[in-house]
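This report refers to the structure that appears directly beneath it.
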Amino acid sequence: MNNQIFSLQPFPSTESFPNFKITGNISRNSNQLAIYYSLGGDLKEIAISSPSNAPSRKYELWEDTCFEFFLGIKDSQRYWEFNLSPAGHWNVYCFDGYRQGMQEETAFEKLPFSVQNQTDALVLALDVNLDKIISAEQAIEVGITTVIKHRGGEVTYWALTHRGAAADFHLRDSFIIEL
């Protein structure tokens, strides 16, 4: 089992929201991937969607507060984008290469994740079997990201690293965790 702790950084580095912190951990046991995010700080400043009674696959979740990760097969251009909304909505997209051939990944009919809105933190945990898209023997590279929409409308982009001149979660050299 491979387990790594992470801490995300905003782009651009922002002084206007210094009290937010996004941390977590990710692990892979065979082909079971578990990821845990914790968004801490003054949550009243963040636009967080209320939990849905009927969470489902939705589009353009990244336009609001959304936890994301990008998973690529090592030595391949192919990758997947996973979007997880605090409301419980989700989506997964597959790409043939950098922002190329985007299509909904139909191998997943649902994503098993939970959201807890605590007093001082928003916690999201996902446990998903990757067998439908990759084999357990394939090494993967992961980029962990989050989009935070503030109540005033400003959006900040958080990632393990920002390798481009602008926030771009699709840059393969920012998939820096290997599992």
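Bear in mind these aren't lab numbers, they're just calculated from the coordinates by the rules spelled out. This structure is a prediction, so every number in the text was calculated from the model and none was measured. As a convention, Cβ positions derive from the backbone with ideal geometry for all residues, glycine included, and neighbour counts pool all protein chains shown.
Sort the range 1-90 into rounded, prolate or oblate with this rule: let a ≥ b ≥ c be the square roots of the eigenvalues of the Cα gyration tensor; rounded if a/c is under 1.5, and if a/c is not under 1.5, prolate when a/b is larger than b/c, oblate otherwise.
Oblate.
Where a ≥ b ≥ c are the square roots of the eigenvalues of the C-alpha gyration tensor, would you call the range 41-126 rounded, which needs a/c under 1.5, or, failing that, prolate if a/b is larger than b/c, or oblate? All intermediate terms of the calculation are to be shown ahead of the outcome.
Working: a/c = 2.31, a/b = 1.88, b/c = 1.23.
Taking the square roots of the gyration eigenvalues as a ≥ b ≥ c, the range 41-126 is prolate.
Reachable aspartates and glutamates from Lys110, Cα under 19 Å, same-chain residues fewer than 8 places away excluded?
The reachable aspartates and glutamates, counting only those whose Cα sits under 19 Å from Lys110, are Glu60, Glu68, Glu81, Asp127, Asp131.
So, by mean Cβ neighbours within 10 angstrom, what's the order for 143-149, 92-98 with the highest one leading?
Working: 143-149: 23.6, 92-98: 15.1.
Final packing ranking: 143-149, 92-98.
Report the rotationally averaged projected area of the range 122-179 based on its alpha-carbon convex hull, in square nanometres.
Values: hull surface 22.0 nm².
Mean projected area of the Cα convex hull: 5.5 nm².
Can you spot the lysines whose alpha carbon is less than 19 Å from Lys44's alpha carbon? Ignore those fewer than 8 places along the same chain.
Lys21, Lys149
Among rounded, prolate and oblate, which fits the range 1-158 when a ≥ b ≥ c are the square roots of the eigenvalues of its C-alpha gyration tensor, a/c under 1.5 means rounded, and a/b larger than b/c means prolate? The partial results should precede the final answer.
Numbers: a/c = 1.60, a/b = 1.54, b/c = 1.04.
Taking the square roots of the gyration eigenvalues as a ≥ b ≥ c, the range 1-158 is prolate.
Just tell me which lysines come within less than 24 Å, Cα to Cα, of Lys74; anything on the same chain fewer than 8 places away is out.
Lys132
Calculate the length of the line joining the C-alpha centroid of the range 21-57 to that of the range 106-142, in whole Å.
Cα centres, the range 21-57 to the range 106-142: 10 Å.
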